[in-house]
Amino acid sequence: MSDTTLVSAEQLTQIVEKVVASRGFDQANQKTAGHRATFALRHGIANSDLLETSLAGLDSSISAPKLLVESKDSLIYDALGQPALVQFQEAFKHAIDNGIKEIRMHKTACGAFAVPAIAHYLEQHGANGQSVCIYFNNLEGGMRRFDLTSQGQLRGLLQPRERDLAWNEVRITIGPAPSDCKTVAGTSDIDAYRARCDANGIGIRTSLWNRMQELAANH
């Protein structure tokens, strides 16, 4: 048996929605998670390990991140351990609405899923013409920065030269992107990855796919 199963974007979205429903989340969070998971795997931002960790960590008793500190320059939240596969976007909206340039989300799991969360918001609402940088750690502990245009287009995945992030933290900055990074994947690399997924299917670990089907069927 192959270690990888290739599935369509629609199949992946639907199965994630059903698994999230089985964890006790409402329909809005189900759709949010389905979109973020598919977007992230389709663009090479996340993999099966990150998706599995995220689904296992979901907690429907947490309704929103807790705001710890608010100033004219920054917002600091505690996500209470909730993966970025759900929620998260309201904190970004609050920053945009109030002209705040930085968000730090402590104790958030699987921060790469913040990328589709913010990209989706920007695609719908923009950020007053400003670009956005999202800093997070991958499962191996490597710090990454993902750059988005003001309309949510993916500009590239980068590795910052200076480490300024806790292992379970996501940082978002609104405004011009700093130049102190080296490129991991450029726009053309991301576009090529997405094109391969669209042509051949999105790869997901077979054991995880089977487990997700079981959870969905038992719900």
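The values are calculated or read from the model by the stated rules, or taken from the named source; none is laboratory data. Owing to the predicted nature of the structure, the values given are computational and were not obtained by experimental measurement. Every residue, glycine among them, receives a Cβ derived from its backbone with ideal geometry; neighbour counts consider all protein chains shown. Heavy atoms of the whole protein, side chains included, go into the accessibility calculation; ligands, DNA and RNA do not. Shrake-Rupley method; radii C 1.70, N 1.55, O 1.52, S 1.80 Å.
For region 16-27, state whether one or more residues are open to solvent by less than 30 Å² (accessible area, probe 1.4 Å), in contact (Cβ under 8 Å) with a residue 40 or more places away in the chain and not β-branched (Val, Ile, Thr).
Taking every residue of region 16-27 in turn, at least one turns out to be open to solvent by less than 30 Å² (accessible area, probe 1.4 Å), in contact (Cβ under 8 Å) with a residue 40 or more places away in the chain and not β-branched (Val, Ile, Thr).
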Report task. Examine region 145-152 for a residue that is under 16 Å from the mean Cα position of the chain (by Cα), exposed (fewer than 15 other Cβ atoms within 10 Å of the Cβ) and polar (S, T, N, Q), and state whether such a residue exists. Result -> no
Query raised in the report: Which of the residues spanning region 142-194 are part of a loop (DSSP other than H, G, I, E, B) and farther than 25 Å from Gly99 by Cα?
Result: Gly142, Arg161, Glu162, Arg163, Trp167, Asn168
**Report entry** Filter result for Asp180 (among the charged types (D, E, K, R) and under 19 Å from the mean Cα position of the chain (by Cα))
**Finding:** no
Query raised in the report: Can you find even one residue in region 74-84 that is surrounded by 14 or more Cβ atoms within 10 Å (Cβ to Cβ), free of Cβ contacts under 8 Å to residues at least 40 places away in the same chain and touching a Phe, Trp or Tyr at 6+ places or on another chain (Cβ under 7 Å)?
Result: yes
**Report entry** Top-ranked residue in region 123-135 [being touching a helix residue (DSSP H, G or I) at 6+ places or on another chain (Cβ under 9 Å) and open to solvent by less than 10 Å² (accessible area, probe 1.4 Å); ranked as nearest to Ala33 (Cα to Cα)]
**Finding:** Ile134
Query raised in the report: Can you spot a residue in region 100-120 that is in contact (Cβ under 8 Å) with a residue 24 or more places away in the chain, part of a loop (DSSP other than H, G, I, E, B) and out of contact with any Gly (no Cβ under 9 Å at 6 or more places or on another chain)?
Result: yes
Query raised in the report: Does Ser48 satisfy the condition of being open to solvent by less than 70 Å² (accessible area, probe 1.4 Å), more than 25 Å from His125 (Cα to Cα) and in contact with a Phe, Trp or Tyr (Cβ under 9 Å, 6 or more places away or on another chain)?
Result: yes
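Which residues, taken from region 32-77, are of a type in the set (Val, Ile, Thr) and not in a strand (DSSP E or B)? Please lay out each step first, then the result.
Step one: filter region 32-77 for residues of a type in the set (Val, Ile, Thr), giving 32, 38, 45, 53, 62, 69, 76.
Listed by number, the residues that qualify are Thr32, Thr38, Ile45, Thr53, Ile62.
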Requested in this report: Take region 163-175 and flag every residue that is modelled with pLDDT of 90 or more and open to solvent by 40 Å² or more (accessible area, probe 1.4 Å).
Outcome: Arg171
Query raised in the report: Could you say which residue among Glu52, Glu70 is under 17 Å from the mean Cα position of the chain (by Cα) and of a type in the set (D, E, K, R)?
Result: Glu52
Query raised in the report: For region 121-164, how many residues are out of contact with any Ser or Thr (no Cβ under 6 Å at 6 or more places or on another chain), of a type in the set (A, V, I, L, M, F, W, C) and free of Cβ contacts under 8 Å to residues at least 60 places away in the same chain?
Result: 6
Query - Residues of region 178-206 satisfying the condition of being open to solvent by 40 Å² or more (accessible area, probe 1.4 Å), in contact with an Asp or Glu (Cβ under 8 Å, 6 or more places away or on another chain) and in contact (Cβ under 8 Å) with a residue 40 or more places away in the chain - result: Arg205
Query raised in the report: Got a sec? Which of Thr187, Thr206, Thr183 is modelled with pLDDT of 95 or more and among the β-branched types (Val, Ile, Thr)?
Result: Thr206
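Any residue at all in region 107-119 that is in contact with a helix residue (DSSP H, G or I) (Cβ under 9 Å, 6 or more places away or on another chain), of a type in the set (Lys, Arg) and surrounded by 13 or more Cβ atoms within 10 Å (Cβ to Cβ)? Walk me through how you get there before you give the answer.
Here is the first cut: in region 107-119, the residues in contact with a helix residue (DSSP H, G or I) (Cβ under 9 Å, 6 or more places away or on another chain) are 108-110, 112-119.
Okay, now just the ones that are also of a type in the set (Lys, Arg), so none.
No, the conditions are met nowhere in region 107-119.
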